Amino acid sequence: LVYWGTAQAKPWARSVRGTDGDALYTNSTLAVNPDTGELVWYYQHLPGETNDMDDGFENILIDVGGRPSLFKMGKLAILWQLDRETGAFIHATDLGYQNIVDVDPETGEVTYLRTPEIGVEMTMCPSTSGFKSWRAMSFSPQTNALYIPMTLNCEIATFGPTERVIGGGGTGPVRRADYRHPDAEGALGEFHALDITTGETLWRHRTPTPINTAALTTAGGVVFVGDFDRYVYAFDEATGDILWQTRLATSAQGFPVTYLANGKQYMAVPAGTGGGSWAGLIPRELIPEIRRPDHGNSIYVFALPDPR
């Protein structure tokens with residue numbers, strides 16, 4: 001099987017789309033036979049999604065108690081566990097920051113608590129940037145935990161009307177004002193270690209700016225991640241202690257990687273700017289005192305020290 005994640009319906013809000021129902025196959029995980037293209041199974045995480053809370057991100061395949069599972073997390077910071085052979089729902093773990101839906105952890109049934117109306121101001125957590133977005137989480141079999149890059153912000157949103165014509169509509173207009181999550185203690189970034197069996201938080205590390213890279217776990221018990229404010233961290237996977245950190249020329253970006261060359265272990269991470277990502281927009285609005293240089297696009301490579 002090959003697994004695909006799909007994003008939300010367009011325009012984002014049901015009231016703007018002028019439709020009701022599940023909007024298949026949006027906000028879904030699809031399992032496809034790669035030889036025939038046949039859809040073997042699908043699971044829709046958020047039927048009829050209406051707040052731009054897509055679940056179209058990475059799929060992580062882990063065997064739990066002998067059961068082949070697929071784990072996925074979208075903007076709401078709800079961790080979904082599915083049977084990766086059948087698509088059957090197994091469990092949902094809500095990290096507890098969102099206020100848009102109620103999800104039954106045992107059945108996966110989703111009930112909306114907040115849905116937009118055209119021209120009516122509403123508050124929602126997260127903002128349309130999401131708590132967990134393109135920055136991929138990573139799994140460590142040594143701790144049985146996922147390591148999740150997050151940004152903790154909310155939004156005052158007003159969804160506007162759009163012309164309902166074939167080929168038009170796009171995302172639909174949204175007037176927004178971002179604000180920090182009330183439980184974030186002034187931070188915008190959080191690196192979250194979550195035990196996938198118990199659903200318990202092992203540790204969390206908060207930063208003034210959003211976590212801006214994917215996570216990278218290693219067999220050495222170290223997990224790497226970087227933030228908007230140019231820092232790259234190496235954490236102890238089990239305790240969350242910072243083992244090492246450095247600062248780049250501009251924001252850490254993309255996916256850190258590790259590799260072995262000529263018997264020496266390296267870690268590489270991109271640094272750069274550009275694009276219309278929330279990683280630049282939200283800090284500029286909420287923490288204008290912290291700025292990144294607009295140059296310095298590069299790849300930084302670090303090596304483990306030689307043994308003494």
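In Å², and per residue, what accessible area does the range 162-233 have when probed at 1.4 Å with the other protein chains present? Provide the component values of the computation, followed by the final result.
Numbers: 3170 Å² over 72 residues.
Counting only protein heavy atoms, the per-residue value for the range 162-233 is 44 Å².
For a quick protection proxy, order the peptides 76-84, 255-263 by their average other-Cβ count within 10 Å, most packed first. Please list the in-between numbers first.
Numbers: 76-84: 22.8, 255-263: 12.0.
Result, highest mean Cβ count within 10 Å first: 76-84, 255-263.
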- [ ] Just grab the label-to-label distance for residue 113 and residue 298, each label 7 Å out from Cα along the Cβ direction, in nm (one decimal).
- [x] 4.5
Open item on the list: Give the aspartates and glutamates reachable from residue 264 as a straight Cα distance under 12 Å; neighbours fewer than 8 places away on the same chain don't count.
Closed with: 306
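Could you tell me which of rounded, prolate or oblate describes the range 129-283, using a ≥ b ≥ c as the square roots of the eigenvalues of the alpha-carbon gyration tensor, with rounded for a/c under 1.5 and, failing that, prolate when a/b is larger than b/c and oblate otherwise? Please report the intermediate quantities before stating the final value.
Details: a/c = 2.04, a/b = 1.73, b/c = 1.18.
Prolate.
Ranking request for peptides 281-289, 209-217, 65-73, 6-14: highest mean number of other beta-carbon atoms within 10 Å first, then the rest in descending order.
On the way: 281-289: 15.0, 209-217: 24.9, 65-73: 16.6, 6-14: 21.6.
In decreasing order of mean packing, 281-289, 209-217, 65-73, 6-14 become 209-217, 6-14, 65-73, 281-289.
Residue 242 to residue 61: FRET efficiency via 1/(1 + (r/R0)^6), r the Cβ-Cβ distance, R0 35 Å, to the nearest 0.05? Please report the intermediate quantities before stating the final value.
Numbers: r = 29 Å, r/R0 = 0.84.
With a Förster radius of 35 Å, E is 0.75.
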Task: Calculated from backbone phi, Karplus (6.51, -1.76, 1.60) coupling profile of the range 142-157 in Hz, x at Gly/Pro - done: 6, 10, 6, 10, 9, 10, 10, x, 9, 10, 10, 9, 10, 8, 9, 10
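Counting only protein heavy atoms and a 1.4 Å probe, tell me what percentage of the chain's accessible area is made up of carbon and sulfur.
Details: 7150 of 13950 Å².
Roughly 51 percent of what the probe reaches on the chain is carbon or sulfur.
Per-residue ellipticity at 222 nm for the chain, helices alone: DSSP H runs ≥ 4 residues times -39500 (n - 2.57), over residue total, nearest 500 deg cm²/dmol?
Values: 2 runs with 13 residues, N = 308.
After summing the helix terms and dividing by residue count, I get -1000 deg cm²/dmol.
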TODO: With a cut-off of at most 12 other beta carbons within 10 Å, and DSSP calling the residue loop, which trypsin sites (Lys or Arg not before Pro) in the range 134-200 qualify? Please list them.
DONE: 164
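The values are calculated or read from the model by the stated rules, or taken from the named source; none is laboratory data. Just so we're clear, the structure is a prediction, and the values are computed from it rather than from any experiment. Note: ideal-geometry Cβ built from the backbone for every residue, glycine included; neighbour counts use all protein chains shown. For the accessible areas, the whole protein counts, side chains as well, though only heavy atoms, and no ligand, DNA or RNA atoms are used. Shrake-Rupley method; radii C 1.70, N 1.55, O 1.52, S 1.80 Å.
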